[in-house]
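Input: a single structure, listed below in structure tokens.
Since every read-out is calculated from the coordinates, none of them should be taken as a lab result. Small disclaimer: the values here were computed from a predicted structure and weren't measured. Positions of Cβ are generated from backbone atoms using ideal geometry, with glycine treated the same way; all protein chains shown enter the neighbour counts.
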């Protein structure tokens, strides 16, 4: 009979294989879903996952979405490695966008590229500040960071709405809840005038390499890993958990804030209510799917970025709801958690010897 | 402030507190068995959208409520399979459930946004509802308000007097020991998780069929999360959940109180209030960390699989 | 077949990945018999007990109960048959009362009337000389009392076989005697008792039948009353392992660690308060502290390691005040610690041995300017593995993949190789097989002879007598007098473990207190 049995040691192979299995299962379920919706599953999956990438334009658009996902995910990696369940990247992202926009609106007449520096700084610091609030609540009051960061996300969202409906609204914007368009000089430089892809992707890749090195080679990174794996061992070794918590949360807030301000000074060019299509939440999936490993996270952020493009694609081409994106993202995480079971356990085919026959004979 | 305003405020407080009671009671039972389900928000949204769709399609609110309950349980089953049978990380699985539920509800409800519905009508209790003030505040609610109170009594009784409640507490405190004395840990945990799903599904139905009879994306607005904080606030006691839910309900409708006074606060700032209140409560709880630790189920969040 | 045969196991086999826990085990227990199941740690005793109690199912073999083949589907079924079990790690619920705990183990119809149940608990517990208050919350009970709850829970049902897994390891010598009286009363009333142990003298004192296990196989059946402990020991450990070890005693020189007036109120509501605790450990000696678990050992360890901070009092190492320093700062001054929990404190379960070697040894030149020198760390890990004979795949193996004994060798090696001036070692050989235990004790003695001050905290009195130069006990957060090991009788130590000594600690430790 088929039995589940605990492996003596975690399987490294399964650790890398399970995200791939999860992706396959998601595609399978997605295909079945499309059949139920009355579409040819292969054509639909093609539209969702392949079509967006058949042009250079598609790839540059992917890059635009990879940048914020990757920035947030690298920050979250630090937190999750330390088992600090920061769900607040979304709020930190929004605050980064909000803070950056307030700064950008002071430079509407700027024609120097240098104006971008204080704007990016303002956004990064806003995200950092928002995360600092969570760090303070956790280290000073021991308040559960899952709940505080979620609550701070809702507060940040309402602050954003207040901003675009109130003081930051473009006076000449026909009462739309949007800020004025930022000055050209205060927009992030693009690689080519034909595409929207800007240098924020470089920020993201830089962050990836930096955090990779930090986690793999530095003493701080080691301490964060130990704290997350085994808080008692960290205490035994004398690591300062509060300092590490501050470090991880502030770094994450700064990166998410940078992602936020890059969004408003990048593809958007102004502050709008829908500044984030849930990047902060999707980044959580990215981190898990990427196994908290830098390259894994890079690929995972590309995949999640693709789900956003696919959602838009099926909406345009097949008039299916854009919310398929969220559904695919959720399925992906679920399947991943399920297949992760195979890292610590294995399925074995075991013959049941003597005892089985004796049990049968006694019945 | 005149008496009508006070009456309205108290009436609205009870209405607003009702979904929180349902979710928090369900989650409390779940946590007592040692399972932390952070997927409340997702289950809530799915319950709400399924309830709304069922009501639109069948035109029968009673059936719709059962659909919502069933949807909540299905979501909970999904969570339970991962968290109980596959011993996955409960925090990650709960988050996954919320993300999945948010996506699923948006997808299912995409054709139902902006559709109107004749919501649940108040059920005035004869005689009592005629009482001044109290009659309106307590006895002219829709049926689910009374259902919530009945369920509160049930859960209260469960942990105060029943052997089943004792078993659930045992499982949540020390699953290995519970298994050793012959309690089926997995079964009880599944039951608790499913009960939690049913309660949250019901709360979803309340939102989309009674509280604001309509569907909009993300209409739960974080109530699932607030209810999670409420369980901690109540230190896992049913009676304190009741109190806490009404306090939160009151905080959420404070704008009614400020209405017509000199204090004009922008609506978006007002809307922050329940979330800020939740943070304040979490901070306040830290002053009594020892008590929280004593009342928290000891093995909460720790996966358990019996060895074979 | 004897008519009074109660339990008979035939060819019981149970395999886990990588080891065969039970290999065709035969066992017979008669009515009214106190039957010992002897074996070293890891011999398969606990697995066999769990099979009898229905917690785990055997791969092969059968179980006869009163001569009838039975497949025990689970603990409730076992209890229906009249089999009760007291686990080594109690299966109690700390936040429930004694009566609630017992009610949970009873069939629903017997547990309905709580008042009647409480009366029965009082009656039964007094009959067997182990008084219990049914209304108390379990976490307020001492370990010995918690064991009584477990036993009474079994006795309240019509019990025919009581299984006790290493019941004496958590008791003071006096409590052990009380337990033995209870068990003999029970046996005289016809109840069979299966007594799991690795302590030969206890088995000889109590049991009238024994089955010995080694590496999962039965190596002998005998009557301990007609067998010498030497013969029993041979059956237990085999021919190629030395049976007993003698270690030289040392005097110690100057005071190395000097703790004065330590007061500590733990935040943990289940913790033990330390009051005015004073302790001196000399360089070149091993000081042993005996005590039943949960009497302040963890708190003392926490204060010494710096993981917890005392409310008042001072700690000095070689004249330097260190009470305000963090664990890593103390390590830089020459502290080292071997905690009781190996996996999940002394070592990070999911990390490799390389990473685990770094955990407490980073100050020994394994990092530079915030960056880790991994080649050096790897070399250090390899060195420990070679020197302490740690059996593992390689240094990249996860800590959790090692057996308890091998992990303990690794941790002890990691701490000793830092050449500490002061080492605190908690339960050095608990759950470790004899070969590893001997290696660990030798390492400790060797470190002592190099001039280190060593504090050993343990529940294993035999071991403390073997390796300690001076000995004392801790009870309820207070420390007994400390005296040279040879001058302390086991009765004296037992009284100290039970808290029978006066405060403050006298300078003349020979004075005994009744």
What ranking, highest mean first, results for peptides C:415-425, C:95-105 when packing means the other Cβ atoms within 10 Å averaged over each residue? C:95-105, C:415-425
Counting each pair of different Cα atoms once, what's the Kirkwood radius of region C:102-143 in Å, rounded to one decimal? 11.1 Å
Nitroxide proxy distance, nm - points 7 Å out along Cα→Cβ at residue A:59 and residue C:462: 7.2 nm
At q = 0.05, 0.08, 0.10, 0.12 Å⁻¹, what base-10 log of I(q)/I(0) does the Debye formula yield for chain C when every alpha carbon is treated as an equal point scatterer in vacuo? -0.21, -0.55, -0.86, -1.21
With an 8 Å cut-off on Cα pairs and a minimum separation of 6 or more residues, tell me the relative contact order of region C:5-237 in percent. 29 percent
Could you work out the mean count of beta carbons from other protein chains within 10 Å of each residue's beta carbon in B:179-192? 4
Global geometry of region C:101-235, whether rounded, prolate or oblate, following the gyration tensor of its Cα atoms and the 1.5 cut on a/c: prolate
Chain A: angle of helix A:200-217 to the longest principal axis, Cα-based, in degrees nearest 10: 40 degrees
What would the Debye equation give as log₁₀ I(q)/I(0) for region C:34-167 at q = 0.11, 0.18 Å⁻¹, counting only Cα atoms as equal point scatterers? -0.42, -1.04
Against the empirical 2.2 N^0.38 Å scaling, what ratio does the C-alpha Rg of region C:348-418 come to? 1.01
Consider just the alpha-carbon atoms of region C:5-237 and return their Rg together with their Dmax, both in angstrom. 17.3, 52
On alpha carbon coordinates alone, what is the Rg over Rh value for region A:219-363, Rh being the Kirkwood radius? 1.18
Most exposed first, judged by fewest Cβ atoms within 10 angstrom, A:57, B:246 run A:57, B:246
Across A:91, A:278, A:100, the residue with the highest GNM fluctuation in chain A (Cα network, 10 Å cutoff) is A:278
Could I get the Rg over Rh figure for chain B? Both from C-alpha atoms, Rh via Kirkwood, rounded to two places. 0.98
At what distance in nm do the modelled label points of residue C:502 and residue A:319 sit from each other, each positioned 7 Å from its Cα along Cα→Cβ? 9.8 nm
Taking the Cβ of each residue in C:90, B:263 as the centre, tally the other Cβ atoms inside 10 Å and list the residues starting with the fewest. B:263, C:90
Quick check of the Kirkwood formula: for region A:233-311, what is the inverse mean of 1/r over all pairs of different Cα atoms, in Å? 14.7 Å
Please find, in a Gaussian network model of chain A (springs between Cα atoms separated by less than 10 Å), the residue of A:21, A:224, A:32 whose mean-square fluctuation is greatest. A:32
Report the semi-axes of the equivalent ellipsoid for region C:385-495 in whole Å, largest first, where each axis is √(5λ) for an eigenvalue λ of the Cα gyration tensor. 28, 15, 12
Report the convex hull volume per residue for chain A, counting only C-alpha atoms, in Å³. 193 Å³
Which order results if B:270, C:130 are arranged by neighbouring Cβ count within 10 Å, fewest first? B:270, C:130
Cα-based Rg and Dmax for region C:181-268, in Å, come out at 20.9, 58
How do B:68-75, C:158-165, B:2-9 rank on mean C-beta neighbours within 10 Å, highest first? B:68-75, C:158-165, B:2-9
Using 0.36 nm times the number of residues separating residue C:489 and residue C:379, minus their current alpha carbon distance, what extension gain do you get? 35.0 nm
Separation of the residue B:265 and residue B:85 label points, Cα + 7 Å toward Cβ, nm: 4.7 nm
Convex hull volume of region A:30-188 per residue (C-alpha atoms, cubic angstrom): 186 Å³
Nearest-0.05 FRET efficiency for residue A:29 and residue B:187 at R0 = 30 Å, using Cβ-Cβ distance, is 0.60
Among A:193, A:340, A:241, which one moves the most in a GNM of chain A with springs linking Cα atoms closer than 10 Å? A:193
Note down, for the protein assembly as shown, the three equivalent ellipsoid semi-axes (square root of 5 times each alpha carbon gyration tensor eigenvalue), biggest first, whole angstrom. 56, 37, 30
Label-reachable residues, region A:287-321, where backbone N falls under 15 Å from a point 7 Å from residue A:36's Cα toward its Cβ: A:321
How much of the pair distance distribution for region C:1-74 lies past 14 Å, counting alpha-carbon pairs only, in percent? 60 percent
Computed [θ] at 222 nm, helices only, for chain B once each DSSP H run of length n ≥ 4 contributes -39500 (n - 2.57): -21500 deg cm²/dmol
For region B:209-297, what Kirkwood radius comes out of the mean inverse Cα-Cα distance, in Å? 14.7 Å
Antiparallel as a % of all DSSP beta bridges within the protein assembly as shown, to the nearest 5? 55 percent
May I ask for log10 I(q)/I(0) of region B:99-192 at q = 0.12 Å⁻¹, from a Debye sum over the Cα atoms as equal point scatterers with solvent left out? -0.76
